[in-house]
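Visitor: I have a structure here, written as structure tokens, and I will follow up with some questions on it.
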Amino acid sequence: MDPSLVQFHRQYMQQVQNPTFPPGKYLLDGNVQNQIYKHFFDGPLKGPPAYQRKILKRIISLIESAIVDPDEDAVIDPLMEHMGYLSTLPTLPPAEAACETQIITYTLPEFFDTPAQLTPRILIEEAPNLLAAGSNVGLRTWEASLHLATYVHANSNLVRDKRIIELGAGTGLVSLLCAGPLAAKQVLATDGLPHIVDAVEKNILRNHRSLFSGDAGRRMPIAKQLDWGDVQNLEEALEFDGAIPEYDLILGADITYSPDVVPILAELLKVLMMEMFPENGMEALIASTVRNEKTLAVFREACRQRGLVVEDIDFECPSGKEQKGLFHEQAFPIIIMRIRVR
Ligand SMILES: C[S@@+](CC[C@H](N)C(=O)[O-])C[C@H]1O[C@@H](n2cnc3c(N)ncnc32)[C@H](O)[C@@H]1O
């Protein structure tokens, strides 16, 4: 496949709302249209009907506007027929669509010339259109997670052979990436809410065969409940296969969004780094979407008061059009903080 089509396909499998469509002139080619039909639309429904409809409508319109000779150029029948079929399917009301879960395929940002079946991917069941906050906020993979995943993927030495605790893991994408393709030694994926922990567990099992069954050195992450305010039960939460490992890295994405909880989070980081694992040179990498500078300032100050140093990492993620996988937009800036003991 041409790189522009590979990128478009990866975006489609991740249900990216504004993918990079190849130009109409390229889509005019009957072979290209056949490939699109086969890989995007043929067989069991690939993606929810509303999403397929939106993408196919745009593909058809790009092809139609590129037609020069109507006797020679056309939209192939299977694409037109599929559009007809999709338009017979019901559309969910917006409130239901926002909570509907889908299986999203995240492809790692690796070369476009790797055959599709060899390109590492992570399957995550989630509600990609979730907007609301509240107790379901972890049922969607947020941009900060994709940003942190892109960063550790590009700097895999930070993760390889490490014993990792992820805080507020949400859907578990970052933990799965670290434990699987990035070969961390042990990964504990934690979240404060039992139903989110259940969802992480399901996502771990969903990827068992593709990420963990062939390579004996890779260990599946373990999902556990860990509420940041519950330091009394920390030891139990940190157990992994019956013992507490010498954890040396903490990861977290989009967990600094509430001014009420950031002091609790800073306190937990202090307990982990200075009291429980003081010998391990433990660090935390926290990715935050900067929606509110004030909340971040409260977090930084709470860390500082506890003897922790917070540094912003200089990381330029490729722009949307240049991304090869783990696609994410940055409507708000996303930063990654490195936190360590002073
Ligand atoms: C915005 S979501 C981010 C999820 C995931 N890291 C991502 O970026 O896609 C915040 C996560 O933190 C969890 N969380 C919020 N407050 C928490 C607390 N006090 N203790 C533990 N987890 C908490 C939520 O359940 C949710 O999964």
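Visitor: Working carefully through the options TYR257, TYR247, find the one that is within 16 Å of ALA179 (Cα to Cα), crowded, with 17+ Cβ neighbours inside 10 Å and among the hydroxyl-bearing types (Ser, Thr, Tyr).
Guide: Exactly one of TYR257, TYR247 is within 16 Å of ALA179 (Cα to Cα), crowded, with 17+ Cβ neighbours inside 10 Å and among the hydroxyl-bearing types (Ser, Thr, Tyr), namely TYR247.
Visitor: Looking only at residues in region 40-54 that are in contact with a helix residue (DSSP H, G or I) (Cβ under 6 Å, 6 or more places away or on another chain) and touching a residue at least 40 places away in the same chain (Cβ under 8 Å), which one is surrounded by the most Cβ atoms within 10 Å (Cβ to Cβ)?
Guide: So the residue we want is PHE41.
Visitor: Mind checking which residues of region 307-322 are crowded, with 18+ Cβ neighbours inside 10 Å and at pLDDT 95 or above?
Guide: LEU308, VAL310
Visitor: So, in region 178-197, of the ones that are more than 12 Å from the ligand (Cβ to nearest atom) and assigned to a helix (DSSP H, G or I), which residue ends up farthest from ILE222 (Cα to Cα)?
Guide: Ranking the candidates gives CYS178 first.
Visitor: Another question about this same structure. Among what's in region 137-174 and is within 12 Å of the ligand (Cβ to nearest atom) and free of Cβ contacts under 8 Å to residues at least 60 places away in the same chain, pick the residue that is surrounded by the fewest Cβ atoms within 10 Å (Cβ to Cβ).
Guide: The selected residue is VAL137.
Visitor: Applying the selection to region 226-238, what residues are closer than 17 Å to PRO194 by Cβ and either of a type in the set (Asp, Glu) or under 20 Å from the mean Cα position of the chain (by Cα) (or both)?
Guide: ASP227, ASP230, GLU236, listed by residue number.
Visitor: Where the second residue is among the acidic types (Asp, Glu) and part of a helix (DSSP H, G or I) and the first is assigned by TED's automatic domain parsing to the domain that holds LEU56 and lies in region 68-88, which pairs have Cβ atoms under 7 Å and are six or more apart or on separate chains?
Guide: The qualifying pairs are VAL75/GLU64.
Visitor: If you go through region 247-265, how many residues are modelled with pLDDT of 95 or more and within 7 Å of the ligand (Cβ to nearest atom)?
Guide: 5
Visitor: Continuing with the same structure: Checking ASN233 against (1) within 14 Å of the ligand (Cβ to nearest atom); (2) touching a residue at least 40 places away in the same chain (Cβ under 8 Å); (3) surrounded by fewer than 20 Cβ atoms within 10 Å (Cβ to Cβ), which single condition isn't satisfied?
Guide: (2)
Visitor: Does THR88 meet the test of being in contact with a strand residue (DSSP E or B) (Cβ under 7 Å, 6 or more places away or on another chain) and at pLDDT 90 or above?
Guide: The answer is no for THR88.
Visitor: Scan the helices (runs of 4 or more DSSP H) fully inside region 53-169 and keep the ones with 3 or more residues being closer than 23 Å to PRO333 by Cα.
Guide: 143-154
Visitor: Here's a follow-up. Which of the residues that make up region 25-39 are free of Cβ contacts under 8 Å to residues at least 40 places away in the same chain and of a type in the set (Ser, Thr, Tyr)?
Guide: TYR26
Visitor: Here's another thing I want to ask about it. Out of LEU272, LEU268, which single residue is among the hydrophobic types (A, V, I, L, M, F, W, C) and within 10 Å of the ligand (Cβ to nearest atom)?
Guide: LEU268
Visitor: Here's a follow-up. Among the listed residues LYS270, LYS224, which satisfies the condition of being without any contact (Cβ under 8 Å) to a residue 40 or more places away in the chain, of a type in the set (Lys, Arg) and either more than 17 Å from ALA302 (Cα to Cα) or surrounded by fewer than 16 Cβ atoms within 10 Å (Cβ to Cβ) (or both)?
Guide: Every option except LYS224 fails the conditions.
Visitor: With (1) assigned by TED's automatic domain parsing to the domain that holds THR141; (2) touching a strand residue (DSSP E or B) at 6+ places or on another chain (Cβ under 7 Å) as the list, and GLU110 as the residue in question, which single condition is left unmet?
Guide: (2)
Visitor: Now a separate question. Whether any residue in region 218-228 is in the same structural domain as ALA284 (by TED's automatic domain parsing) and at pLDDT below 95 is what I want to check.
Guide: yes
Visitor: Those residues that are under 24 Å from LEU108 (Cβ atoms) and either of a type in the set (Phe, Trp, Tyr) or touching a strand residue (DSSP E or B) at 6+ places or on another chain (Cβ under 9 Å) (or both), I need them from region 12-40; list them, please.
Guide: TYR12, MET13, GLN14, GLN15, PHE21, PHE40
Visitor: Now, a different point. So which of VAL6, VAL16 is part of a helix (DSSP H, G or I) and either modelled with pLDDT of 90 or more or more than 23 Å from HIS147 (Cβ to Cβ) (or both)?
Guide: None of the others qualify; the one that does is VAL6.
Visitor: Then there's this: Take the residues in region 243-261 that are among the hydrophobic types (A, V, I, L, M, F, W, C) and out of contact with any Asp or Glu (no Cβ under 9 Å at 6 or more places or on another chain); name whichever of them is nearest to GLU143 (Cα to Cα).
Guide: ILE255
The values are calculated or read from the model by the stated rules, or taken from the named source; none is laboratory data. Computed from a predicted model, the values in this text were never measured in an experiment. Glycine also receives a Cβ, built like all others from the backbone with ideal geometry; neighbour counts cover every protein chain displayed.
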